[in-house]
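Report on the structure given below.
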Ligand SMILES: [Zn+2]
C-alpha cells in the first residue's frame, strides 16, 4: 500500500503557502476519497463501528478534539496503520487479527492519532515545498494558492499519500499516543505488548512476512519498544491498574472478524 501515490498538485501549492486547519482537512478529505476508492475496506458495520468508536474515544481527549475524526478498517492482512491529515485514520485488518485485547488496538490508534495531532504529514509537505523555491515564488507571484486554479501545473512527483515519517516523528507519536490512551482511560500496556508481538513475528519471518510494512513505515521499532517500556515504568502501578485493558465490544468484533472471507492479497504479497 506504500506504492499508492497521487498527484497532489493543488495540495502542494497550498502547502507552499503554509497550511491552515481548513486546508489540512480539505487535503485529508481529498486523500481519503482516493484511499477509499483504491483500497478495499472491510464491509462489516460492527467491525467498522467498533474501531471508529474506540478511535474517537481516544481522539476526543487530544488538543484536536474539534476535528471530525474518522477511523476505518482496510481489508488487508498486512499489519499496518496510517493517518491522513485532518483526522482520517486507517488500520488494517491484520492489526485487528493480531490484537489480543482492546488496549492493543488502542495503542496503534493512539500512535496514529498523535501523527495527526502533531501535523506530521503537513509539516513534511511544507518542508518539501520550502525546498522547492520555484513553487514558493509561483505561489507569491500568482496567488493561485487561494484559487487553486493551477491544480495541474505542479506535480510533486510521486509524493506518497502516506507520508513516511522519520524516527523523531515516530518517537513523538509513541509518546503522545501513550498519553492519549491513558487520558481515554485505557492501559498503555497494550502498546508495549502489541509492538513486542510484531517484533517477534518480524524476527520469525526474517522480514518477509505480513509485518514487514509496519517496520518499514515505522522505523526504529526495537528502540521504541524500550522507550515505551521506560514510560510504562514511570506510570504508578495504582494508575495502571485502574485503566481498562479490554471491553465487551472487542470479543464481538473478533468474532465478526473470524467470519469474514479471506482478505484480498495485495500485488506482490
Ligand atoms: Zn507512526
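Each value in this text was obtained by applying a stated rule to the coordinates, not by laboratory testing. All values derive from a computational prediction rather than experimental measurement. Virtual Cβ from ideal backbone geometry, glycine too; neighbours counted across all protein chains shown.
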Point to revise | Alpha-carbon centroids, the range 96-126 and the range 201-265: separation in whole Å | key: 11 Å
Review point. Can you work out D for the range 212-269 in µm² s⁻¹ from Stokes-Einstein, where Rh is the Kirkwood radius over C-alpha pairs, the temperature is 4 °C and the viscosity is 1.567 mPa s?
Key: 84 µm²/s
Exercise for review: Take peptides 241-251, 171-181, 23-33 and line them up by average Cβ neighbours within 10 Å, highest first, as a rough protection proxy.
Suggested key: 171-181, 23-33, 241-251
Point to revise | FRET efficiency, residue 168 to residue 226 (Cβ-Cβ, R0 25 Å, nearest 0.05) | key: 0.95
Practice item. Would you compute the Debye intensity of the range 19-117 from its alpha-carbon atoms alone, equal scatterers and no solvent, and pass along log10 I(q)/I(0) at q = 0.13, 0.19, 0.23 Å⁻¹ to two decimals? Key: -0.41, -0.88, -1.26
